[in-house]
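Trainee: Take a look at this one; I'll ask things after.
Just so it is clear, none of the values below were taken in a lab; they were calculated from the coordinates. Here the structure is a predicted model, which is why all the values come from computation and not from measurement. Here Cβ is always computed from backbone atoms with ideal geometry, including for glycine, and neighbour counts include all displayed protein chains.
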Amino acid sequence: MSDTATARDAGLVGCIRCARVWPLGTHHCSRCGARLTSRARRGLAWVWFWWALGLLAYVPANIWPMLETRLLLTSSDDTIIEGAYKLATHGSIGVAAVIVLASVVIPLGKFLAVAWLALSVQYHLPSSAKWRHRVYEAIEFIGRWSMIDVFVVAILSSLVQFSVLASVKPGPASLAFALSVICTMLAALSFDSRMIWDLDDEASAGQRDDLAAVEQSAPAER
């Protein structure tokens, strides 16, 4: 059970941008100018909106070509998986593994983690607040590495340009993938992590009420 007092219980509200604490009822942070809210209104609705939009963009990102390669007499359009497979067959297993990790494993893991967090808060799924917060911190940490594949495409496009002999251009999947990453980042930002501790406080209050009820009924039984 958690007996730790929250800022809202103390009549305070924290700025989620600069972490400065202000009296409850203050509308804007005087330090950074951000809007102060004790809890984000319709926060979960925005989480699901950005999550669904990111998932819709992720499907064509894996179907459309990521790289459009033009040589003197040949041309090829490769998806993310096809490009990683070709790199692996040419001996660049490490680079292929990084591309698969950044383009498939991390995005799918982030989709699942954000959905689990939203569902656990929305439907009060059994789990500890510390575990939920660790998952949230992991999402925040890996979010900065989500654009690796797009950066690789940009670097290749800028380096491999030999006029009519050879050229590498980003395919339509690069735009879809970038949109998917941005949407998942917005979904994570829309999730108010303070709801995790609110859920833990509600569970603790329920346990205290049950314990009090048991203690009150015990003398009557005796």
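Trainee: Going Cα to Cα from K169, which lysines come in below 30 Å? Please leave out same-chain ones fewer than 8 positions away.
Mentor: Within the straight-line cut-off, K169 pairs with K86, K110.
Trainee: In addition: So which chymotrypsin sites (Phe, Trp or Tyr not before Pro) in the stretch 1-97 pass both tests, a DSSP loop state and at most 10 other Cβ atoms within 10 Å of the Cβ?
Mentor: Passing sites in the stretch 1-97 do not exist.
Trainee: Length gain on complete extension for the stretch F141 to E82, per 0.36 nm per residue less the alpha carbon to alpha carbon distance?
Mentor: Contour length minus the Cα-Cα distance gives 18.5 nm.
Trainee: Show me the ranking of peptides 120-131, 171-182 by mean Cβ neighbours inside 10 Å, starting with the highest.
Mentor: On the way: 120-131: 12.8, 171-182: 21.1.
My ranking of the peptides, most packed first, is 171-182, 120-131.
Trainee: Based on the mean of other beta carbon atoms within 10 Å per residue, what is the order of 69-79, 132-142, most packed first? Intermediate values should be presented prior to the final figure.
Mentor: On the way: 69-79: 13.4, 132-142: 15.1.
Ranking the peptides 69-79, 132-142 by packing returns 132-142, 69-79.
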